[in-house]
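**Student:** Sharing a structure, written as structure tokens. Questions coming.
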Amino acid sequence: MLLWRPPILKIVQEAGIRSVVGVPLKARGVITGILYVTSQTPQKFRVEDRQLLSALANQAAIAIENAKLYEQVKRHAEELEVKVKERTQELEEVNRKLEQASRHKSEFLANMSHELRTPMNSIIGFTRLVMRRSKDILPEKQYENLHKILISAEHLLSLINDILDLSKIEAGRMEIHPSQFELDPLVDVCLRTIEPMIKSERIRLIKEMEANLPPLFTDQDRLKQILINLLSNAVKFTEAGVITLTAHRQNGEIVISVSDTGIGVPEDKLELIFEEFRQVDSSTTRQYGGTGLGLSISR
């Protein structure tokens, strides 16, 4: 039953309204409005009309609620998009600064190549000179000490070379000078270079080269560096057995590989060994030494 107040009653009378039915718009237990229908005919609306209007009111309430939720989601999405854009810009700026810092570090180390290598080469050169001239003069113990100095200096130079080479690569300063050359003589040089590293008579170096391989056109020094890195790793992690260097044609290319019968690498660690300053685990670093840069540089 609707009770009409005087101002509203006057409006209803002027409009000729004689019948009114209204149902609430309710969504999740909350009334958000009223849906009502008027008629100029008395007693116009029946029970089924009210039921139909209630069903329509329920659907309208759901539609209105969904529209509100959509607007909220849309607004939140826009706010989130702005925040994501701001955060992305912040991250891009941080990454730019990190890349710049890394580039400056790499450029610094690359530029330090001459300053770091020159004194080490001098130490090595003078030590060798003293050893040659004083071999028959110095007591055996002092001569052995000179030999230890030479070994340590060469080891330090090797570590410096690895770090500087990696820095050159990161700084984009590693120059490539391709030329045409035969592979077989280069492999022989690499094997002769590695032979002094072999401390055990139980290790054999084997070369397996396919006959009549064509000349290569690439940077000979860099290829030599890669092969020596791979061979030295094989020697380092092989106490007994065979180290084999093979070269053969495959799909129009020449494939060179180094295999050994050493401790091996677990399959799940294969990618790890190519990371900078990493080996399979810390225990191998302590036991076998090295910076963990050889494979990174080769890659």
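The values are calculated or read from the model by the stated rules, or taken from the named source; none is laboratory data. Here the structure is a predicted model, which is why all the values come from computation and not from measurement. So basically every Cβ, Gly included, is an ideal-geometry build from the backbone, and we count neighbours across all protein chains shown.
**Student:** Taking Ile62 as the residue in question, decide whether it is in a loop (DSSP other than H, G, I, E, B) and surrounded by 13 or more Cβ atoms within 10 Å (Cβ to Cβ).
**Tutor:** Against the criterion (in a loop (DSSP other than H, G, I, E, B) and surrounded by 13 or more Cβ atoms within 10 Å (Cβ to Cβ)), Ile62 does not qualify.
**Student:** Consider region 149-187. How many of its residues are under 27 Å from the mean Cα position of the chain (by Cα) and part of a loop (DSSP other than H, G, I, E, B)?
**Tutor:** Here the count works out to 6.
Results for (1) surrounded by 11 or more Cβ atoms within 10 Å (Cβ to Cβ); (2) assigned by TED's automatic domain parsing to the domain that holds Ile254, shown as yes or no for each residue.
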site: Thr127; (1), (2): yes, no
site: Val130; (1), (2): yes, no
site: Arg133; (1), (2): no, no
site: Ala153; (1), (2): yes, no
site: Leu156; (1), (2): yes, no
site: Leu186; (1), (2): yes, yes
site: Thr193; (1), (2): yes, yes
site: Lys199; (1), (2): no, yes
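**Student:** Looking at region 124-147, is at least one residue over 31 Å from the mean Cα position of the chain (by Cα), part of a helix (DSSP H, G or I) and in contact (Cβ under 8 Å) with a residue 24 or more places away in the chain?
**Tutor:** Scanning region 124-147 turns up at least one residue that is over 31 Å from the mean Cα position of the chain (by Cα), part of a helix (DSSP H, G or I) and in contact (Cβ under 8 Å) with a residue 24 or more places away in the chain.
**Student:** I've got another one for you. Just checking, how many residues over region 242-257 are without any contact (Cβ under 8 Å) to a residue 12 or more places away in the chain, polar (S, T, N, Q) and either part of a strand (DSSP E or B) or surrounded by 15 or more Cβ atoms within 10 Å (Cβ to Cβ) (or both)?
**Tutor:** Here the count works out to 1.
**Student:** Okay, next question. Return the residues of region 188-215 that are touching a strand residue (DSSP E or B) at 6+ places or on another chain (Cβ under 6 Å) and not in a loop (DSSP other than H, G, I, E, B); say none if nothing qualifies.
**Tutor:** Leu191, Arg204, Leu205, Ile206, Lys207, Glu208, Met209
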